[in-house]
Amino acid sequence: MNKIKPNILLIYTGGTIGMIKDFESGALKAFDFKNLLDKIPELQLLDCNIDTISFESPIDSSDMNPEYWVQIANIIEENYNSFDGFVVLHGSDTMSYSASALSFMLENLVKPVVFTGSQLPIGDLRTDAKENLITSIQVASLLDRGKPVVQEVCLYFEYKLYRANRTSKINAEHFEAFASPNYHDLAVSGVHLKVNTDYLLKPNSRKPFKVHKNLDNNIALIKLFPGLSEQVLQNILNTPNLKAVILETYGSGNCTTQPWFTKLLETAINEGIHIVNVTQCAGGSVMMGHYEASNHLKDIGVISGKDITTEAAVCKLMYMLGQNISKKVFKTIYETPLRGEIS
């Protein structure tokens, strides 16, 4: 009896992974993904059928924005019923943002969406692209009793599979470019591909798959530093049409207790601007009220980002603002895990 092979859709948005060197000029250029099998014949050994789709004009991930996220979401939505899994090829610089955004945009997802990329182009002799791509496709193809093993948006890079909205890019030149400081690896690729099933999201498969395309980017991100001036903070908070602010605070959510600072934030909150507290530290969680230096934030109604990454905090805000959630319940919903982004 022939086993039915899973169908995987490869979506190329741009980035280093899809570059090859032009022999005449020596410059890097995107290659036609239709010829992928010629470049990586090993893909034919995988136990799945692979289809490819590419952005009309592949972009550098530094140019990534919410409109492109909607484009990726559209591709997945249009092909959702025809494929068992999706692999998104993306530049590594903003990959954690895009993958986090997609995790919120794709509600009740019961199929794998694996983001990957590389530090070196696919045509390079020492490239990390082949391993990242081959294993990402393998992860997207994993089935257990006919159902996908992975049912969430994740990110695969250098032998590790992470929950997408838990990742940050931590290194610009090592092959180990990403980390998930506050959540376990979902899988590790060694001699065997070891999936840590206990840590995977277990969505309700009875709920219908929904794609949210309304994102609101009227937000600001402020990293606190000793000496941040009242004038600068006031100018940011007075930005026309500003709807939310993420404050990157010290340690477990601490900041200055200067009266002007608290007053500016309180005024902004009273005017309907949501203020979210996330930590500057790579790992750990915001615990407002744990120290005196965060009690005043708790008292004025600042939202706790808990152990969320800055990347996921930004994308969760854009997603929630796009849902027109009322001010009354906004804080409660933000502090609740929607896609496993906070503990």
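The values are calculated or read from the model by the stated rules, or taken from the named source; none is laboratory data. Predicted, not measured: the structure shown is a model, and the values here were computed from it. Glycine also receives a Cβ, built like all others from the backbone with ideal geometry; neighbour counts cover every protein chain displayed.
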Practice problem: Go through (1) over 27 Å from THR310 (Cα atoms); (2) surrounded by 24 or more Cβ atoms within 10 Å (Cβ to Cβ) and name the single condition ARG126 misses. | Solution: (2)
Practice problem: Filter region 4-62 for residues that are at pLDDT 90 or above, part of a strand (DSSP E or B) and surrounded by fewer than 18 Cβ atoms within 10 Å (Cβ to Cβ) and give the result. | Solution: ASN7, ASN49, ASP51, THR52, ILE53
Quiz prompt | Residues of region 75-121 satisfying the condition of being on the phi > 0 side of the Ramachandran plot and outside any loop (DSSP other than H, G, I, E, B) | solution = none
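What residue, of LYS207, LYS263, LYS243, is within 30 Å of PRO112 (Cβ to Cβ), of a type outside the set (Val, Ile, Thr) and modelled with pLDDT of 95 or more? Walk me through it before giving the result.
Numbers: LYS263 fails: within 30 Å of PRO112 (Cβ to Cβ); LYS243 fails: within 30 Å of PRO112 (Cβ to Cβ).
One residue alone meets the criteria, LYS207.
How many residues are more than 13 Å from LYS306 (Cβ to Cβ) and crowded, with 17+ Cβ neighbours inside 10 Å when one looks only at region 252-261?
To start, the set of residues in region 252-261 that are more than 13 Å from LYS306 (Cβ to Cβ) comprises 254-261.
Narrowing the set further to residues that are crowded, with 17+ Cβ neighbours inside 10 Å leaves 254-255, 261.
Number satisfying all stated conditions: 3.
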Exercise. Scan region 209-227 and report the pairs whose first residue is under 21 Å from VAL278 (Cα atoms) and whose second residue is part of a loop (DSSP other than H, G, I, E, B), with Cβ atoms within less than 6 Å and a gap of 6+ or a chain change.
Key: ASN218/ASN241; ASN218/LEU242; ASN218/LYS243; LEU224/CYS255
Self-check item: When residues of region 321-339 are limited to those that are in contact (Cβ under 8 Å) with a residue 60 or more places away in the chain and under 18 Å from the mean Cα position of the chain (by Cα), the one surrounded by the most Cβ atoms within 10 Å (Cβ to Cβ)
Solution: ARG339
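Go through region 125-142 and give me each residue that's hydrophobic (A, V, I, L, M, F, W, C) and under 20 Å from the mean Cα position of the chain (by Cα). It would help to see each step written out before you state the result.
First, pick out the residues of region 125-142 that are hydrophobic (A, V, I, L, M, F, W, C): 125, 129, 133-134, 137, 139-140, 142.
Result: ALA129, LEU133, ILE137, VAL139, ALA140.
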Quiz item: Which residues, taken from region 129-142, are buried (at least 23 other Cβ atoms within 10 Å of the Cβ) and in contact with an Asp or Glu (Cβ under 9 Å, 6 or more places away or on another chain)?
Solution: ASN132, ALA140, SER141
Self-check item: Within region 73-101, considering residues that are under 24 Å from PRO121 (Cβ atoms) and aliphatic (A, V, I, L, M), the one surrounded by the fewest Cβ atoms within 10 Å (Cβ to Cβ)
Solution: ILE75
Exercise. Any chance you could count how many residues in region 266-306 are modelled with pLDDT of 95 or more, surrounded by fewer than 21 Cβ atoms within 10 Å (Cβ to Cβ) and hydroxyl-bearing (Ser, Thr, Tyr)?
Key: 2
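Would you kindly identify the strands (runs of 3 or more DSSP E) lying entirely within region 143-235 that contain at least 1 residues that are under 18 Å from the mean Cα position of the chain (by Cα) and surrounded by 15 or more Cβ atoms within 10 Å (Cβ to Cβ)? I'd like the intermediate steps shown before the answer.
Values: elements: 153-157, 160-163, 187-189, 193-195, 219-223.
Those strands (runs of 3 or more DSSP E) span 153-157, 160-163, 187-189, 219-223.
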Practice problem: Could you tell me whether region 116-126 includes any residue that is modelled with pLDDT of 95 or more and under 19 Å from TYR199 (Cα atoms)? | Solution: no
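Between GLY289, GLY272, which is in a loop (DSSP other than H, G, I, E, B), touching a residue at least 24 places away in the same chain (Cβ under 8 Å) and not assigned by TED's automatic domain parsing to the domain that holds GLN71?
Working: GLY289 fails: touching a residue at least 24 places away in the same chain (Cβ under 8 Å).
The unique qualifying residue is GLY272.
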Quiz item: Inside region 265-296, can you point out the residues that are out of contact with any Asp or Glu (no Cβ under 9 Å at 6 or more places or on another chain) and of a type in the set (Ser, Thr, Tyr)?
Solution: THR267, TYR291, SER294
